[in-house]
Amino acid sequence: MTHTFQQKAFKPGEGADGPETESPQPDFIKVKDFNFFYDSTVQVLFDLNLDIPRQKVTAFIGPSGCGKSTLLRNINRMNDLIDGIRHEGDITIDGHSIFDPHLEVISLRKRIGMVFQKSNPFPKSIYENIVYSLRVAGRNKRSELDEVVERSLRGAALWDEVKDRLKESAFGLSGGQMQRLCIARAIANRPEILLMDEPCSALDPIATGKIEDLIHELKKEYTIVIVTHNMQQAARVSDRTAFFYLGKLIEYDRTEDIFMNPKNPQTEAYVSGRFG
Amino acid sequence: MARFFQSELDELRTKIVRMAELAATAVENALRSLYDLDADAARRVREDDDILDKLEVEIDAAANRYISLRAPVAGDMRLVTVALKASHELERIGDEASSIAKRVLRMCRQDAVVDVSEIRRIGEPALGLIRDSIDCLVQGDAERAAAIPRGDKEIDEIHRASYGDYIARISAEPEKAPAYIELIFISKSLERIGDHATNIAVETIYLVEGEDIRHTDRTKRSKQ
């Protein structure tokens, strides 16, 4: 691709897609004085405080074992599945504690889609993968399911590639397509939040590029939190970046500040590849 | 932790330091050739300008390579972008020194003895300003760099004030007008050198603090 300095004409109100000037966004997810323990003695997260804005992409970065995935999995209470865990402090979504004893975890997870490092389609057709959660909830009306499948696959930029083979097994898709299928499945229930735990680490650069473009599109509708080891990916796709080390939040700021002028020397060492 | 690519950044720094030393020396030698009306010294300044030109190209290539292959961020990114800009400023300083030397050669041919005290008045602070700005860049001293624009403003004022003196001298000694006109251009070159020193100082502040102060109130304040 050849770059020129030719000016692109923009219509009034349409902006160049350059560095994002962050308009004030109400904080959507709030992590307050949060500590997390795998058992009564093993503390893995320490006094975390961060506010995640609505409809932005927030990246969690840091070396392996720094606690970024643990925090991510706390947001939808996936860690509840582990024996002996406990927490202190709170995480709120839209002002409501996710640890409220009256809150049903199922209702929380309906608001939050999750995409994992390795794509994990169900051993079913492409169509049935998307509608699985609706069927579990007893929603079997064909017209509704068809609408959800098309909307979700379009949302995951996969519709054009699979629309003629919806009844075929999901395992016949390529790695990148399977991951986009998982994203489509994650947004089928119209969640508000998408958690992504290293969603591109098993993908080639072309598939990675498609997922990154997709993330850029999805943030218009969803609040996205992504864990990534790929520094350039964090720089490309996120609006804010949080750097964790040994369970502590070292620095959290606008992504361009983290990558252009970080305040903490540890952050600088990490993002410039000199950590350790 | 020093990584394998650290040596490439070190090499870039070394080239900038070398270029800075050569640029300052070029201005010093150009001024001395004027004070001594030494044609040989003036010729050497013009010949040495080629080295600065080549270094600028080498720095551009090294910086572009580093950006392409290493994807620098944070302090590394600022170092590389400042290297690109500072090398351009230093090359321009070399060009001004070469231009001064070219005018010295003309004055040598004219064989006119003229008073160069006005050039000494602007030349010494201009040379001092370059040395200061280079020192700040090499040492990463943003605090001292912030004072450079004030020095540049003083040089601008000396240049403006000397213009009237040259006109008066041309009126008094019309047979020496060609030589005085050369001095006016030399004074202008030194004034421009002050501007380049200021640009290097501004880049130093960006390198150290990450703040781009160009066209901001901070730049205006630093000139007061």
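The values are calculated or read from the model by the stated rules, or taken from the named source; none is laboratory data. Every value quoted in this text rests on a predicted model; they were computed, and no experiment measured them. Cβ sites come from the backbone with ideal geometry, for glycine too, and all protein chains shown count toward neighbours. Accessible surface is based on the protein model in full, side chains and every heavy atom, while ligands, DNA and RNA are left aside. Shrake-Rupley method; radii C 1.70, N 1.55, O 1.52, S 1.80 Å.
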Margin query: Quick check on A:Tyr127: is it open to solvent by 70 Å² or more (accessible area, probe 1.4 Å) and of a type in the set (Phe, Trp, Tyr)?
Written below: no
Next item on the list: Look at region A:98-124 and say how many of its residues are closer than 20 Å to A:Glu147 by Cβ and open to solvent by 80 Å² or more (accessible area, probe 1.4 Å).
Entry: 2
Notebook entry, point to check: Does region A:174-192 include one or more residues that are open to solvent by 60 Å² or more (accessible area, probe 1.4 Å) and in contact with a Gly (Cβ under 8 Å, 6 or more places away or on another chain)?
Noted result: no
Check: Any idea which residue in region B:66-102 is nearest to B:Ile167 (Cα to Cα), counting only those that are open to solvent by 30 Å² or more (accessible area, probe 1.4 Å) and away from every other protein chain (no Cβ under 14 Å)?
Finding: B:Lys102
Check: Going through region A:237-275 one residue at a time, which ones are β-branched (Val, Ile, Thr) and either within 14 Å of chain B (Cβ to nearest Cβ) or in contact with a Cys (Cβ under 7 Å, 6 or more places away or on another chain) (or both)?
Finding: A:Thr241, A:Ile250, A:Thr255, A:Ile258, A:Thr267, A:Val271
Checklist line | So A:Pro101, is it at pLDDT 95 or above and either under 20 Å from the mean Cα position of the chain (by Cα) or outside any strand (DSSP E or B) (or both) | finding: no
Checklist line | Residues located in region B:30-40, provided they are in a helix (DSSP H, G or I) and surrounded by fewer than 19 Cβ atoms within 10 Å (Cβ to Cβ) | finding: B:Arg32, B:Tyr35, B:Ala39, B:Asp40
Notebook entry, point to check: Within region A:215-236, can you find the residues that are within 19 Å of A:Asp51 (Cα to Cα) and more than 12 Å from chain B (Cβ to nearest Cβ)?
Noted result: A:Lys219, A:Lys220, A:Glu221, A:Tyr222, A:Thr223, A:Ile224, A:Val225, A:Ile226, A:Val227, A:Thr228
Next item on the list: Filter region B:4-21 for residues that are assigned to a loop (DSSP other than H, G, I, E, B) and surrounded by 14 or more Cβ atoms within 10 Å (Cβ to Cβ) and give the result.
Entry: B:Phe5
Margin query: Considering only region A:258-266, I want to know if a residue exists there that is under 20 Å from B:Gln6 (Cα atoms) and among the β-branched types (Val, Ile, Thr).
Written below: no
Check: When both residues are 6+ apart or on different chains and their Cβ atoms are under 6 Å apart, which pairs have a first residue that lies in region B:1-20 and is within 14 Å of chain A (Cβ to nearest Cβ), and a second that is exposed (fewer than 14 other Cβ atoms within 10 Å of the Cβ) and at pLDDT below 90?
Finding: B:Met1/A:Gly276
Checklist line | Test result for A:Asp164, open to solvent by 20 Å² or more (accessible area, probe 1.4 Å), part of a helix (DSSP H, G or I) and not aromatic (Phe, Trp, Tyr) | finding: no
Item checked: Pairs, first within 16 Å of A:Gln43 (Cβ to Cβ) in region A:80-106, second basic (Lys, Arg) and modelled with pLDDT of 90 or more, C-beta under 6 Å, six or more apart -> A:Gly89/A:Lys32
Next item on the list: Just give me the residues in region A:195-209 being assigned to a loop (DSSP other than H, G, I, E, B) and in contact with a Lys or Arg (Cβ under 8 Å, 6 or more places away or on another chain), in sequence order.
Entry: A:Ala202
Next item on the list: Could you list, in sequence order, all residues of region A:185-214 that are in contact (Cβ under 8 Å) with a residue 40 or more places away in the chain and under 10 Å from A:Val115 (Cβ atoms)?
Entry: A:Arg185, A:Ala186, A:Ile187, A:Leu194, A:Leu195, A:Met196, A:Asp197, A:Glu198, A:Pro199
